[in-house]
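Reading through the structure tokens given below for one structure.
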Amino acid sequence: GLGRLDIPKVTSMYASLFGDVSYVVLGGAYPYKSLPGVLGAGFVSAGVSDIPLYGPGGGSLGAGNYGNSVMFVSYGVDAYKIKENLLFLGDYREYLKGLQVGGSLKYFSQGGSGTGVDEGSGSGIDIDLGLLYTPPQYKFVSGGLNLQNILPKSLGGKIVFKNGIEEGIPSAAKFGLKVDLLGKDSLI
């Protein structure tokens with residue numbers, strides 16, 4: 001739905017979950033008049049501080065920190081707005097009304113600090129793609145598909161840790177359906 005925005009948007013949030021986990025969200029989106037879409041960027045982070053660390057004999061090694069974060073750049077567009085570039089579709093271009101397409105490039109970073117914890121630090125990249133469709137004649141229903149972390153490990157969809165271990169990022173496919181039962185463009 002990023003391509004539906006027609007004015008700039010900014011969001012932020014901070015939460016301390018269970019008094020231990022700091023959770024931060026920052027994001028924004030800007031629709032460009034010279035481009036047919038909307039550019040967005042954001043940052044999400046979760047971390048725990050002052051984790052007691054102990055050695056093999058049970059002796060204290062001090063305290064450590066651990067966290068993970070993801071930074072992303074996204075682009076979304078109303079497919080009908082780019083129809084001039086899709087002349088090869090001919091009369092089928094009309095079916096693009098109500099179709100939103102988008103994607104995100106994500107940079108992951110995770111790790112910690114403290115005695116022996118640094119080796120578990122790593123970073124990597126991946127890509128998400130999404131579709132959202134609202135039929136113009138039936139505005140009370142929308143369907144969406146989100147493909148998360150679609151890059152295979154062989155093409156760079158992985159976290160590479162300081163100790164040399166590489167770990168693939170799990171992929172996910174999500175489908176959603178929304179039906180408005182009450183309101184201006186509702187079913188009832």
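Here are some notes:
- Lone qualifier among 178, 139 - being within 30 Å of residue 80 (Cα to Cα), among the charged types (D, E, K, R), open to solvent by 50 Å² or more (accessible area, probe 1.4 Å) and modelled with pLDDT of 90 or more: 178
- Of 150, 127, all but one fail to be in a strand (DSSP E or B), open to solvent by less than 80 Å² (accessible area, probe 1.4 Å) and either under 21 Å from residue 79 (Cβ atoms) or modelled with pLDDT of 90 or more (or both); the exception is 127.
- For segment 18-40, the set of residues classified as farther than 13 Å from residue 102 by Cβ and outside any loop (DSSP other than H, G, I, E, B) consists of 21, 22, 23, 24, 25, 26, 27, 28, 30, listed by residue number.
- Selection within segment 73-98: residues that are modelled with pLDDT of 90 or more and aliphatic (A, V, I, L, M). The member of this set that is nearest to residue 151 (Cα to Cα) is 73.
- Only one of 46, 15 that is open to solvent by less than 80 Å² (accessible area, probe 1.4 Å), closer than 21 Å to residue 104 by Cβ and not β-branched (Val, Ile, Thr): 46
- Restricting segment 153-166 to residues that are β-branched (Val, Ile, Thr) and open to solvent by 50 Å² or more (accessible area, probe 1.4 Å) leaves a set whose member that is modelled with the lowest pLDDT is 165.
- Residue among 31, 56, 36 that is open to solvent by 80 Å² or more (accessible area, probe 1.4 Å) and either within 20 Å of residue 14 (Cβ to Cβ) or modelled with pLDDT under 95 (or both): 56
The values are calculated or read from the model by the stated rules, or taken from the named source; none is laboratory data. For clarity, every value in this text was computed on a predicted model and none was experimentally measured. We place every Cβ from the backbone using ideal geometry, glycine too, and count neighbours over all the protein chains shown. Just so you know, the surface numbers come from the protein's heavy atoms only, side chains and all, with ligands and any DNA or RNA stripped out. Shrake-Rupley method; radii C 1.70, N 1.55, O 1.52, S 1.80 Å.
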